[in-house]
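Colleague: Before I ask anything, let me first share the structure, which is written out below as structure tokens.
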């Protein structure tokens, strides 16, 4: 990991964070971005300040949540503006919660996000995440299926890796393949979430949501029910924090305690 003061500037006040969770899609379209954002909102409801980073440079899903110009984005911080402070690329989501969610999206032309996948940029990404873990209570990273340098950097920096897969036979098979790939890069899967269904190897399931408009995501604080319960289990598995009371699930939950530190 590179020195963060030398590569990335002063990222502001730090609070002594609780680590980094990488949400890794076992396949494309698994709902990884949605799971990352919903877990962040649930943590914010419990009073945490959460930073969310978009390592899925090709799909750039976090950018869909934001209005206005995104400049600089995460890829710029890893390439042309490597000395800029992290705060320049952070946007705070409008989240009615005691804590907060700040997102660092990727929104770049093909040429720049290709450069942001280079080995030196990946090392800067690791350093950025390390600094962010000191600034925020929790850092969550939206990671595509591990096949590029920035995804490897994200899982290497992470304290916990969450695999996200559709709750189908295809999803279960993809989890096994991704476990092997993670082992090849010196990492591993700590928690498995199935979306829109389930399979035997899943640690929890997040059911389909009635909210599909990106402008209304995250929605777990408003939607409630089985969706909020699934998100609460996911947050507990990702960072070891029981947010069930904060998202209104309370006594309906079972099994959260096994994931709480």
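The values are calculated or read from the model by the stated rules, or taken from the named source; none is laboratory data. The shown structure was predicted, so the numbers you read here are calculated from the model rather than taken from an experiment. Here the Cβ positions follow ideal geometry from the backbone for every residue, glycine too, while neighbour counts run over all protein chains shown.
Colleague: Can you give me the number of residues within the range 89-113 that are exposed (fewer than 15 other Cβ atoms within 10 Å of the Cβ), without any contact (Cβ under 8 Å) to a residue 40 or more places away in the chain and more than 18 Å from the chain's Cα centre (by Cα)?
Modeller: 3
Colleague: May I ask you to say which residue of 40, 106, 132 is closer than 26 Å to residue 231 by Cβ, in a loop (DSSP other than H, G, I, E, B), modelled with pLDDT of 95 or more and in contact with a strand residue (DSSP E or B) (Cβ under 9 Å, 6 or more places away or on another chain)?
Modeller: Only one candidate qualifies: 106.
Colleague: Follow-up. Quick one: what pairs do we get from the range 116-129, first residue closer than 9 Å to residue 157 by Cα, second assigned to a loop (DSSP other than H, G, I, E, B), C-beta under 7 Å, 6+ apart or different chains?
Modeller: The qualifying pairs are 126/1; 127/1; 127/2; 127/4; 127/7; 127/8.
Colleague: In the range 179-188, what residues are surrounded by 14 or more Cβ atoms within 10 Å (Cβ to Cβ) and either more than 15 Å from residue 144 (Cβ to Cβ) or modelled with pLDDT under 95 (or both)?
Modeller: Result: 179, single match.
Colleague: Among 29, 16, which is in contact with a helix residue (DSSP H, G or I) (Cβ under 7 Å, 6 or more places away or on another chain), surrounded by fewer than 23 Cβ atoms within 10 Å (Cβ to Cβ) and at pLDDT below 95?
Modeller: Just one listed residue meets the conditions, 16.
Colleague: Based on this model, can you work out whether residue 62 counts as crowded, with 22+ Cβ neighbours inside 10 Å, touching a strand residue (DSSP E or B) at 6+ places or on another chain (Cβ under 9 Å) and modelled with pLDDT under 95?
Modeller: Against the criterion (crowded, with 22+ Cβ neighbours inside 10 Å, touching a strand residue (DSSP E or B) at 6+ places or on another chain (Cβ under 9 Å) and modelled with pLDDT under 95), residue 62 qualifies.
Colleague: Which numbered condition in (1) within 22 Å of residue 34 (Cβ to Cβ); (2) modelled with pLDDT of 95 or more; (3) in a loop (DSSP other than H, G, I, E, B) is the only one that residue 95 fails?
Modeller: (2)
Residue-by-condition table, conditions (1) touching a helix residue (DSSP H, G or I) at 6+ places or on another chain (Cβ under 8 Å); (2) crowded, with 24+ Cβ neighbours inside 10 Å; (3) in contact (Cβ under 8 Å) with a residue 40 or more places away in the chain; (4) more than 29 Å from residue 100 (Cβ to Cβ):
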position	(1), (2), (3), (4)
138	yes, yes, yes, no
144	yes, no, yes, no
161	yes, yes, yes, no
168	no, no, no, yes
177	no, no, yes, yes
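Colleague: Kindly indicate the residue of the range 194-222 that is in contact (Cβ under 8 Å) with a residue 60 or more places away in the chain and part of a loop (DSSP other than H, G, I, E, B) and also farthest from residue 247 (Cα to Cα) among those meeting that condition.
Modeller: Per the criteria, the residue is 196.
Colleague: Can you tell me which residue in the range 223-261 is nearest to residue 158 (Cα to Cα), limited to those that are outside any loop (DSSP other than H, G, I, E, B), touching a helix residue (DSSP H, G or I) at 6+ places or on another chain (Cβ under 9 Å) and at pLDDT below 65?
Modeller: If we take residues in the range 223-261 being outside any loop (DSSP other than H, G, I, E, B), touching a helix residue (DSSP H, G or I) at 6+ places or on another chain (Cβ under 9 Å) and at pLDDT below 65, then 259 is nearest to residue 158 (Cα to Cα).
Colleague: Can you tell me how many residues within the range 206-217 are at pLDDT 90 or above and within 17 Å of the chain's Cα centre (by Cα)?
Modeller: Matching residues across the range 206-217 total 1.
Colleague: Further question on the same structure: The conditions are (1) farther than 16 Å from residue 128 by Cα; (2) surrounded by fewer than 20 Cβ atoms within 10 Å (Cβ to Cβ); (3) modelled with pLDDT of 95 or more, and residue 72 fails exactly one of them. Which is it?
Modeller: (1)
Colleague: Can you tell me which condition residue 191 does not meet? The list is (1) more than 16 Å from residue 21 (Cα to Cα); (2) crowded, with 19+ Cβ neighbours inside 10 Å; (3) in contact (Cβ under 8 Å) with a residue 40 or more places away in the chain, and all the others hold.
Modeller: (1)
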